[in-house]
1. Here is a check on your reading of the model: is Thr23 in the same structural domain as Glu163 (by TED's automatic domain parsing), modelled with pLDDT of 90 or more, more than 23 Å from the chain's Cα centre (by Cα) and not in a helix (DSSP H, G or I)?
2. Please go through region 167-208 and pick out each residue that is surrounded by 15 or more Cβ atoms within 10 Å (Cβ to Cβ), more than 16 Å from Gly3 (Cα to Cα) and in the same structural domain as Phe134 (by TED's automatic domain parsing).
3. Six or more apart or on different chains, Cβ under 9 Å: which pairs go from a residue in region 174-197 that's among the polar types (S, T, N, Q) to one that's part of a loop (DSSP other than H, G, I, E, B) and surrounded by fewer than 18 Cβ atoms within 10 Å (Cβ to Cβ)? Could you list them?
4. Of the residues that make up region 132-145, is at least one crowded, with 19+ Cβ neighbours inside 10 Å, within 23 Å of Leu30 (Cα to Cα) and at pLDDT 85 or above?
5. Among the helices (runs of 4 or more DSSP H) confined wholly to region 70-149, which include 3 or more residues that are aromatic (Phe, Trp, Tyr) and out of contact with any strand residue (DSSP E or B) (no Cβ under 8 Å at 6 or more places or on another chain)?
6. Could you look through region 41-57, keep only residues that are within 18 Å of Arg195 (Cβ to Cβ) and assigned to a helix (DSSP H, G or I), and pick out the one that is modelled with the highest pLDDT?
7. Scan region 105-136 residue by residue and report those that are within 28 Å of Ile73 (Cβ to Cβ) and either more than 14 Å from the chain's Cα centre (by Cα) or among the hydrophobic types (A, V, I, L, M, F, W, C) (or both).
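The values are calculated or read from the model by the stated rules, or taken from the named source; none is laboratory data. In this text the structure is predicted, and so the values were computed from the model without any measurement. Don't worry about glycine lacking a Cβ; one is built from the backbone with ideal geometry, like all the others, and counts go over all protein chains shown.
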Amino acid sequence: MNGTAHAVIGSATGYIVANTYQTSPSATLLFVGLGAVSGLMPDLDIDGKLRGKITLSHKMVRLAAMIIGLLMIFYSVLEKMAAERWMGVGIGLLIVLVASLIKQKHMLTITGIAVLVGGLSLGELWIILLGIYFIIASMTSHRSYTHSILGVIFFGVIAFHLESSLGIEGVFYTSLAGYISHLIADLKILPFNKRGIKLFLPLTSKEL
């Protein structure tokens, strides 16, 4: 199933939860949007709609990193003493080298690290866990751990702490329902799916 369909189904789950809690119009919009995002989250393991929205272009990041590396080299040559100069030049060259290797597939990992650091600085557990989720999703194959019960549990923990942080009842169920709706829509028992999901990883890799 494509990303648009997952987003629509996720939005519908958010709307159902909002009606259940009889939320205000603004909270209903929040639930619908949160359901859509949650419905796309499992597909962060591929270059899909949500992944493209939350990550910068690798060309932009690569250019910025190269500029930083070159500035560090020039600064070290002009301002530092001999020992510090060579260390600064070495670090600058390393930054330029690493930057040249950055590709779009690395951007979710970089985004995850940035989100993790941001969560640590803000002291928000749900942001920290979200950063870890991004990193894990960037390193797993499609329809594997993000599409498993482990993925549901991990995202459920994120949703629980998000609700605690926002103080809005129903955020947890909206997020969890949106996520689970994605997994249900990807099941092989549905006639339009050629592949299924490995729901019980790592116990078994059988597709359902």
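1. It is true that Thr23 is in the same structural domain as Glu163 (by TED's automatic domain parsing), modelled with pLDDT of 90 or more, more than 23 Å from the chain's Cα centre (by Cα) and not in a helix (DSSP H, G or I).
2. Ile168, Gly170, Val171, Phe172, Tyr173, Thr174, Ser175, Leu176, Ala177
3. What qualifies is Asn193/Met1; Asn193/Leu187.
4. yes
5. 125-139
6. Pro42
7. Passing the criteria: Met107, Ile110, Ile113, Ala114, Val117.
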